[in-house]
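The values are calculated or read from the model by the stated rules, or taken from the named source; none is laboratory data. All figures in this text were calculated on a predicted structure; none of them were measured in a lab. Please note: Cβ atoms are built from the backbone with ideal geometry, for glycine as well, and neighbour counts cover all protein chains shown. These accessible areas exclude ligands, DNA and RNA; they are computed on the full protein's heavy atoms, side chains included. Shrake-Rupley method; radii C 1.70, N 1.55, O 1.52, S 1.80 Å.
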Amino acid sequence: MTDEQYAKQWLRYRRWNRLAIGLFLGFIPFVIFIVSASDYFSTAGKLVPMVAAGWLVAMGYSISRIFFFRCPQCGHIFALASWLYLTNGQKCAHCGLKRYENSGIESASKIH
Ligand SMILES: [Zn+2]
């Protein structure tokens with residue numbers, strides 16, 4: 001696999017990772033916003049649980065994309081050594097490929 005293909009997969013991984021973090025951090029402010037908006041618009045009150053549930057589904061889906069990300073080198077699930085053991089995700093549990101290795105992407109763990 002070329003460095004360009006590695007980079008493409010790692011960029012996809014990083015996009016899902018950032019989306020999951022954004023959805024996680026934004027959930028409480030978002031709920032506060034839609035609840036306060038429902039005070040002004042009577043019909044919005046009915047949408048609050050549905051919108052919040054949709055937000056949680058999107059967050060769960062993006063987390064699952066990270067959780068089940070396949071290693072660009074070996075094709076196994078990157079952070080899952082077995083069904084009972086989840087690694088910290090810094091390197092592949094199967095082949096040892098480091099996160100963002102061969103992609104040109106700077107890992108956040110390398111930044112001091
Ligand atoms: Zn691997």
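Across region 70-77, computed HN-Hα scalar couplings (Karplus, 6.51 cos²θ - 1.76 cosθ + 1.60, θ = phi - 60°) run 8, 4, x, 8, 10, x, 7, 5 Hz from first to last residue, x flagging Gly and Pro.
Rolling a 1.4 Å sphere over the protein heavy atoms, what is the accessible area per residue of the chain, to the nearest Å²?
Per residue, the chain has an accessible area of 69 Å².
Only Lys, Arg, Asp and Glu carry charge here, each on its Cβ (+1 for the first two, -1 for the last two); on that basis the chain has a dipole of about 180 debye about its Cα centre. Ranking G26, Q9, G54 by how far each Cα lies toward the positive end of the dipole of the chain (charges on Cβ) leaves Q9 at the top. Taking the longest Cα principal axis of the chain as reference, the axis of helix 3-40 is set at about 20 degrees.
Determine the equivalent ellipsoid of the chain by diagonalising the alpha-carbon gyration tensor, then write out the semi-axes as square roots of 5 times the eigenvalues, largest first, rounded to whole Å. Let's see the in-between values first.
Numbers: eigenvalues 260, 43, 27 Å².
Gyration-tensor ellipsoid for the chain: 36, 15, 12 Å.
Solvent-accessible area assigned to carbon and sulfur over region 3-103 amounts to 65 percent, based on a 1.4 Å probe.
Distance between the 7 Å Cα→Cβ label points at M50 and R18: 3.2 nm.
From helices alone, the chain scores -20000 deg cm²/dmol at 222 nm; the rule is -39500 (n - 2.57) for each run of n ≥ 4 DSSP H residues, then divide by the residue total.
Can you give the FRET efficiency for A58 and E4, using 1/(1 + (r/R0)^6), R0 = 22 Å, r = Cβ-Cβ distance, to the nearest 0.05?
On the way: r = 29 Å, r/R0 = 1.33.
The value I calculate is 0.15.
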